[in-house]
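The values are calculated or read from the model by the stated rules, or taken from the named source; none is laboratory data. Worth saying up front: this structure is predicted, and the values here are computed from it rather than measured. For neighbour counting, all protein chains shown are included, and Cβ atoms are generated from backbone atoms with ideal geometry for every residue, glycine included. SASA here: full protein model, heavy atoms, side chains in, ligands and nucleic acids out. Shrake-Rupley method; radii C 1.70, N 1.55, O 1.52, S 1.80 Å.
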Amino acid sequence: MDHEQIFSDTWKVFKRDFVTYIIATLVTTIGSTLIITAAPLFYGLYYMVLKGIRGEEIEIKDVFEGFNHFVKSWVFFIVAAILLMIGFMLLVVPGIVIGILLIYALPLLVIKEYGGIDAIKESIEIARDNFVDTLILAIVLWVISAIGGYVVVGFLITIPIVAIAETIATMRLIESCPDEYTEVAEDSEIEEFV
């Protein structure tokens, strides 16, 4: 995995539509305060990110796409939350490892239109097979997220950057091992935005 290329491409995708991503992130975070809307809104944000990576025009309304996948998004979030909670109850380190293993799950949920459990299973498989690369990616994304958390409204920039980087990394790993992981439908378009 070429981390430098992933973040270079992430920046290109973000800066092309940064205002839309920032507004969508604001809508997602404000809308998530209702809790019931959190899962579909984050699904919608990743849907928007996928469109942006593919070079498609993105709109604020894309963030609401998750409501068309309401049950699927909630199944995913509930199962992932339970796994993380169990991991953190087991002396923190297992929770961190589970967090690393789930890094590709939300992008897979959107890219492949999987059910929540299938996205989690494949994320664990991909992360396990590429653990060192995934660990490096996770650490960089955690640092970016931490910076966004410390800077006033910095999360409006760091949340979409993290989402774009996770999605690009997921697509690249799937493309690099098409026999190992099921193919992403027509995701050769990832090259078009570079």
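For the reader, a short list of remarks on this structure follows.
- Some residue of segment 124-145 being in a helix (DSSP H, G or I) and of a type in the set (Ser, Thr, Tyr): yes
Yes/no per residue for (1) of a type outside the set (Val, Ile, Thr); (2) in a helix (DSSP H, G or I); (3) open to solvent by less than 40 Å² (accessible area, probe 1.4 Å); (4) in contact with a His (Cβ under 7 Å, 6 or more places away or on another chain):
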position: 58; (1), (2), (3), (4): no, no, yes, no
position: 64; (1), (2), (3), (4): yes, yes, no, no
position: 73; (1), (2), (3), (4): yes, yes, yes, no
position: 76; (1), (2), (3), (4): yes, yes, yes, no
position: 83; (1), (2), (3), (4): yes, yes, no, no
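- Whichever residue in segment 119-169 is of a type in the set (Gly, Ala, Ser) and within 24 Å of residue 30 (Cβ to Cβ) and, among such residues, is surrounded by the fewest Cβ atoms within 10 Å (Cβ to Cβ): 149
- Tallying residues that are within 15 Å of residue 106 (Cβ to Cβ), open to solvent by 20 Å² or more (accessible area, probe 1.4 Å) and in contact with a Pro (Cβ under 8 Å, 6 or more places away or on another chain) within segment 1-45 yields 0.
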